[in-house]
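One structure below.
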Amino acid sequence: MQLVVARIGRAHGIKGEVTVEVRTDEPELRLAPGAVLATEPATAGPLTIETGRVHSGRLLLRFEGVKDRTAAEALRNILLIADVDPAELPEDPEEFYDHQLMDLDVVLADGTEIGRITEITHLPSQDLFIVERPDGSEVMIPFVEEIVTEIDLEEQRAVITPPPGLIDESEAVVASAREEDEDSGVKDSGAEGSGSKGEDA
């Protein structure tokens, strides 16, 4: 199985290094020196990683045969693709590869069907499940522990406990309702907007 593990960014310096947008939880394995990666478009590869280092929080790679800034800049926006055994699992049991999560049924704790995961978007702060509803509409669900409470690969389902308004906008707390609470002497605890970031899966 082929998985996208990075996207090449800007050239860095004059010796052929490039920045990369990492799209794998195991860059030390997938993007190690000596790794041979396919590319999208395919005509740009395969590329063999010669060196890798972290600079100012960004991963920098140099590929064999890419010796100057001009050659490095020509690789910009190319996707790097690794061959992964479909049976291979991450070392951390709390982590999952994208292909394990795709097409999982998304349900509430009581079994109510929400939809099916059709895409996983990796953002700097968290990952998002793009879930297709039975009616064809889509909803975005943050992949954080507070919302996604269980991933059951045997049953092929993800169990969620969404906050009000995430699935059904009509359930969202509107400002007028909060104002009425304040008028009646009910104080807002301030917890509504709080939350913690989940680890990328």
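Brief remarks follow.
- Point-to-point label distance, residue 58-residue 168, nm (Cα→Cβ direction, 7 Å offset): 4.6
- Other-chain or far-sequence residues with amide H under 5 Å of residue 78's (modelled H): 8
- Within-15-Å neighbourhood charge of residue 136 [Cβ basis; K, R +1; D, E -1]: -3
- Relative counts (whole %) of C-alpha pair distances in segment 1-51, using bins that are 5 Å wide: 5, 18, 29, 33, 13, 3, 0
- Remark on segment 22-71: ratio of C-alpha radius of gyration to 2.2 N^0.38 Å is 1.15.
- Residue-count net charge about residue 102 - beta-carbon cut-off 11 Å; Lys, Arg +1, Asp, Glu -1: -2
- FRET efficiency for residue 105 and residue 146, using Cβ-Cβ distance with R0 set to 25 Å, rounded to 0.05: 0.80
Laboratory data are not the source of any read-out in this text; all were calculated from the coordinates shown. Because the structure is a prediction, the values reported are computed rather than measured. Every residue, glycine among them, receives a Cβ derived from its backbone with ideal geometry; neighbour counts consider all protein chains shown.
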